[in-house]
Amino acid sequence: SQKIYLKDYTPPAYLVDTVHLTFKLSPNATRVNSKIRFRPNPDSDSRDFFVHGEHLTLIRAAIDGQECSPVVTDKGLTAQAPDAPFTWEAEVEINPQDNTALEGLYMSNGMYCTQCEAEGFRRITYYPDRPDVMATFTVRIEGDLPVLLSNGNPTASGDGWAEWHDPWPKPSYLFALVAGDLRNHPDSFTTKSGRKVDLNIWVRPDDIDKCAFGMEALKKSMKWDEDVYGREYDLDLFNIVAVDDFNMGAMENKGLNIFNSSCVLASPETATDANFERIEAIIAHEYFHNWTGNRITCRDWFQLCLKEGLTVYRDSQFTSDVRSRAVKRISDVDGLRAVQFREDNGPLAHPVRPDSFVEINNFYTATVYEKGAEVVGMLKRLVGDDAYAQALDLYFERHDGQAVTIEDWLKVFEDTTGRDLGQFMRWYSQAGTPRLTVTDDFKDSTYTLNFKQYTPPTPGQDVKQPQVIPIAVGLLTPNGDEVQETVVLEMTKPEQSFEFKGLSSRPVPSILREFSAPVILEQDTDNETRAFLMAHDTDPFNRRESGNALARDVLRRMITDGAAPDPMYLEAKAKILTDEALDPAFRALVMSLPTQEELAQMLFDTGHTPDPEAIFNATQTLAQASAERLKQDLPRIYAAHQVKGPYSPDAGPAGHRVLANSALWLLSRLDGCKQAQAQYDAADNMTQQISALGCLQYFDHGADATQAFYDQWRHDRLVIDKWFAMQVSNTRPDQTVATAQALTEHADFDMKNPNRFRAVFGALAWHHAGFHQADGAGYRLLADWLIKLDPVNPQTTARMSTAFQSWRRYDEGRQALMRAELERIMSTPDLSGDTGEMVGRILE
Ligand code: B3K
Ligand code: ZN
């Protein structure tokens with residue numbers, strides 16, 4: 001496999017104006033006829049005609065009607081082409097039935113569907129499969145199935161055939177085709193200029209009662225993008241299809257979004273509050289891509305964050321607007337720290353805009369998506385809301401219909417504000433999480449904050465330059481009043497001080513409010529100050545963050561010095577939990593402990609070797625101490641936050657449930673799971689049912705409920721995915737591997753279905769102490785299955801191999817065990833390029 005570099009980018013030799021495709025569908029032998037109008041690219045000197053193609057059987061090819069015999073390799077073909085516009089025609093045969101990689105055209109439960117991003121279109125036909133080639137597509141589908149869909153608008157149809165035309169030029173990665181026995185949940189939306197758009201969610205007949213929520217989310221998203229970004233939808237039809245076998249969450253194909261069924265189907269009985277919120281966010285995300293991704297796309301795949309960072313940022317704004325801003329920010333940052341910081345601080349670290357890759361599918365990462373979104377958020381904070389809105393207007397106006405770069409993106413901000421964003425560009429080019437340390441002084445009514453920044457080396461980048469760091473700061477008086485409301489300090493140098501004058505006493509600083517930059521803040525604060533901020537900070541993000549920092553410190557002392565749970569932390573937490581004036585969802589977040597992954601990172605970062613068992617035990621001890629401290633309050637809080645009446649997934653009732661259910665977890669430590677059993681027996685929605693089941697399983701009272709749950713839900717694939725994952729997640733560490741192993745022998749385990757594979761092995765990898773059992777059984781089991789899955793589905797295998805990315809953090813024994821498993825994977829004959837690249841980088 002070959003590495004390709006951003007610096008080697010060259011424009012395509014030929015551009016495409018129009019594409020006509022005819023599909024004659026058949027499970028093992030689908031014929032694809034293409035008729036493509038090419039023309040020489042005036043911006044290229046080359047006239048080498050090359051089109052990508054993989055896993056295709058070429059039946060015939062012609063240029064301007066003349067049969068030709070191209071030179072075919074396993075990557076594509078070359079042919080003699082004129083230095084003038086010409087028509088390319090080809091017929092190929094493909095095999096959707098045997099396509100278990102789920103890239104290109106494949107079958108899932110009897111339906112045909114496609115996944116083309118990033119480089120899947122080349123498995124459908126010969127084509128310049130790169131995002132800077134944009135063309136209009138006309139598609140004819142012939143197949144003996146009731147529903148035949150493609151991008152754009154339907155133009156004609158009859159028995160066993162349909163024709164589609166998409167008027168908007170697009171890159172091939174946005175092509176989609178779906179055919180199957182599907183039902184639709186229809187609706188419509190009238191755009192701000194008064195055009196009526198038909199909306200459909202297409203599903204298998206059994207799932208028709210699970211579409212209503214997704215449809216509401218779609219309409220909300222369409223309205224929000226008009227109101228907030230001024231973006232209107234641009235076709236008469238918008239289709240969403242739910243597919244059971246899918247490598248990721250969803251795909252923004254023009255006018256025909258394809259979703260992993262887990263990311264769109266929901267009913268109160270089968271989906272949790274968290275599922276509903278996630279579905280709403282993913283529907284919004286894919287819809288928002290219509291402008292940020294589809295109308296304006298990426299010049300090449302190095303620019304992936306251009307569409308992904310921006311679109312994640314947009315969907316997080318949407319969720320903040322329709323739900324709670326504080327809760328959304330806190331949960332996003334929890335996720336960023338657990339996943340992106342881990343990536344940024346290990347062998348897989350790469351810039352938000354990578355400069356090389358072997359397999360682009362390996363770069364759909366937390367760094368590109370989540371750090372990419374943080375970078376957009378910082379830009380907005382630095383230029384201000386108005387300039388951000390103007391810059392975005394300019395972006396849409398200047399680049400509509402183009403395939404562009406991060407330079408183009410930053411240029412609209414420079415042109416709007418007159419700012420030089422040269423240094424800001426380092427957020428895109430430099431990998432690694434900056435460490436920000438802060439000290440303070442108070443003298444002659446002047447308060448000074450002194451910052452230092454430092455970014456450790458990452459693979460291929462030994463020396464880092466200082467970044468522009470927006471640091472949102474507020475100051476409080478010792479009795480909790482704000483003396484300085486939030487200001488954004490702009491740090492640009494390695495060391496920099498900022499003064500606040502005219503203060504009558506030393507203030508308490510609240511630094512990095514709303515997590516204004518993706519950095520690790522090292523602040524030498526005592527725990528009294530943390531407890532004070534936990535009680536008084538006017539910024540809700542930092543209020544929870546102080547609690548989190550306090551918990552991290554308490555746990556660190558428990559783990560490294562054998563300290564007892566700190567009563568001060570337990571008191572501070574009790575105060576928040578019992579404060580009925582606070583948002584319940586916020587209180588639940590304050591209740592949660594840092595994840596074991598976060599603790600392992602923190603320990604490693606502070607010079608300790610994380611011991612997974614000790615981390616597990618400390619969190620258990622602290623949770624037990626919390627439960628005992630709150631003995632009197634828990635039953636009352638649990639009862640006070642029960643939601644009456646019909647289920648609604650809105651933030652309000654969901655917030656009450658999440659608080660009641662976090663109380664239930666603690667209560668279960670005290671009451672032998674009596675309340676959990678009662679909740680399980682009475683549950684009429686999945687949130688209540690699964691929260692109770694989790695407690696029962698976790699505290700070893702779950703055998704009957706686990707069986708009953710299976711019997712109740714065996715017909716529902718998405719619920720059974722939860723059933724698989726729950727059993728692994730809720731084990732004691734010494735049972736995790738055996739449980740996962742036993743589940744792989746269950747009749748319903750199917751490694752070809754990515755959701756099912758991830759249910760078992762994602763849960764194993766996330767069970768920190770279970771996966772890292774000292775005998776290496778967790779490593780062995782995962783490696784065995786990665787080796788089995790690789791020939792079936794390389795993309796999912798490569799992604800799951802990241803479970804090993806932090807192997808160097810642990811003790812020598814574990815390191816040796818992990819290295820051995822990584823080497824065993826690496827030496828597997830015919831290992832895919834996807835997995836080979838990932839494991840190779842992890843080992844490096
Ligand atoms: N753009 C797709 C992801 C495609 C992943 C290809 N391996 C979904 C999204 O980010 O919206
Ligand atoms: Zn996206």
>> I'd like the full set of residues that are buried (at least 17 other Cβ atoms within 10 Å of the Cβ) and closer than 19 Å to ASP537 by Cβ, limited to region 552-569.
In response: ARG552, ASP553, VAL554, TYR569
> Restricting to strands (runs of 3 or more DSSP E) lying wholly in region 433-481: which have 2 or more residues that are assigned by TED's automatic domain parsing to the domain that holds GLN496 and surrounded by fewer than 16 Cβ atoms within 10 Å (Cβ to Cβ)?
Replying inline: 435-443, 446-454
> What residue, among those in region 356-365 that are in contact with a Phe, Trp or Tyr (Cβ under 9 Å, 6 or more places away or on another chain) and of a type in the set (A, V, I, L, M, F, W, C), is farthest from ligand 1 (Cβ to nearest atom)?
Replying inline: PHE357
> Which condition breaks for LEU310 when tested against (1) in contact with a Phe, Trp or Tyr (Cβ under 7 Å, 6 or more places away or on another chain); (2) within 11 Å of ligand 2 (Cβ to nearest atom)?
Replying inline: (1)
> Of all residues in region 550-563, which are under 14 Å from GLN596 (Cα atoms) and out of contact with any Pro (no Cβ under 9 Å at 6 or more places or on another chain)?
Replying inline: ASP553, ARG556
> Which one is surrounded by the most Cβ atoms within 10 Å (Cβ to Cβ), of the residues in region 302-325 that are of a type outside the set (A, V, I, L, M, F, W, C) and near ligand 1 (Cβ under 10 Å from one of its atoms)?
Replying inline: THR311
>> So, in region 240-256, exactly how many residues are in contact (Cβ under 8 Å) with a residue 60 or more places away in the chain, over 19 Å from ASP209 (Cβ atoms) and part of a strand (DSSP E or B)?
In response: 2
> For region 107-164, which fully contained strands (runs of 3 or more DSSP E) count at least 2 residues that are within 16 Å of ligand 1 (Cβ to nearest atom)?
Replying inline: 111-115
> Which pairs do you get when a residue that is closer than 15 Å to ILE258 by Cα, found in region 204-222, comes within reach of a residue that is part of a helix (DSSP H, G or I) and among the charged types (D, E, K, R), reach meaning Cβ atoms under 9 angstrom, with the pair 6+ apart or on two chains?
Replying inline: GLY214/GLU280
> Do we have any residue at all in region 328-336 that's among the hydroxyl-bearing types (Ser, Thr, Tyr) and part of a helix (DSSP H, G or I)?
Replying inline: yes
>> If the requirement is being of a type in the set (A, V, I, L, M), buried (at least 16 other Cβ atoms within 10 Å of the Cβ), without any contact (Cβ under 8 Å) to a residue 60 or more places away in the chain and not assigned by TED's automatic domain parsing to the domain that holds LYS752, which of these qualifies: ALA678, ALA683, ALA703?
In response: ALA683
> Any idea how many residues of region 344-371 are more than 22 Å from GLU119 (Cβ to Cβ) and not small (Gly, Ala, Ser)?
Replying inline: 5
> Just wondering, is there one or more residues in region 58-66 that are of a type in the set (Val, Ile, Thr), loosely packed, with under 13 Cβ neighbours inside 10 Å and over 20 Å from ARG130 (Cα atoms)?
Replying inline: yes
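When you check PHE341 against the structure, is it away from ligand 2 (no atom under 16 Å from the Cβ) and either assigned to a helix (DSSP H, G or I) or farther than 28 Å from VAL590 by Cβ (or both), yes or no?
Numbers: away from ligand 2 (no atom under 16 Å from the Cβ): yes; either assigned to a helix (DSSP H, G or I) or farther than 28 Å from VAL590 by Cβ (or both): yes.
Spelling it out, PHE341 is indeed away from ligand 2 (no atom under 16 Å from the Cβ) and either assigned to a helix (DSSP H, G or I) or farther than 28 Å from VAL590 by Cβ (or both).
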>> Exactly one of these conditions fails for THR87: (1) within 30 Å of ASN753 (Cα to Cα); (2) touching a residue at least 24 places away in the same chain (Cβ under 8 Å); (3) out of contact with any Leu (no Cβ under 7 Å at 6 or more places or on another chain). Give me its number.
In response: (1)
> Of the residues in region 488-524, how many are out of contact with any helix residue (DSSP H, G or I) (no Cβ under 7 Å at 6 or more places or on another chain), closer than 30 Å to VAL463 by Cβ and outside any strand (DSSP E or B)?
Replying inline: 6
> Could you list, in sequence order, the residues of region 601-615 that are touching a Pro at 6+ places or on another chain (Cβ under 6 Å) and over 14 Å from VAL554 (Cα atoms)?
Replying inline: PHE604
> So how many residues does region 520-548 have that are among the aliphatic types (A, V, I, L, M) and surrounded by fewer than 21 Cβ atoms within 10 Å (Cβ to Cβ)?
Replying inline: 4
>> Just to verify a result, which residue in region 526-564, among those that are polar (S, T, N, Q) and either in a helix (DSSP H, G or I) or over 33 Å from the mean Cα position of the chain (by Cα) (or both), is farthest from PHE515 (Cα to Cα)?
In response: THR560
> Looking only at region 353-381, which residues are in contact with a Cys (Cβ under 7 Å, 6 or more places away or on another chain) and within 14 Å of ligand 2 (Cβ to nearest atom)?
Replying inline: VAL368, GLY372
>> Can you say whether ARG299 is crowded, with 23+ Cβ neighbours inside 10 Å, farther than 30 Å from ILE690 by Cα and either touching a residue at least 40 places away in the same chain (Cβ under 8 Å) or not assigned by TED's automatic domain parsing to the domain that holds ASP385 (or both), as far as the supplied structure shows?
In response: no
> Between residues in region 619-644 that are among the hydroxyl-bearing types (Ser, Thr, Tyr) and residues that are outside any helix (DSSP H, G or I), which pairs lie under 7 Å by C-beta distance while being six or more apart or on different chains?
Replying inline: THR619/LEU593; THR621/PRO565
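The values are calculated or read from the model by the stated rules, or taken from the named source; none is laboratory data. Small disclaimer: the values here were computed from a predicted structure and weren't measured. Neighbour counts are summed over all protein chains in view; Cβ atoms, including those assigned to glycine, are modelled from backbone coordinates with ideal geometry.
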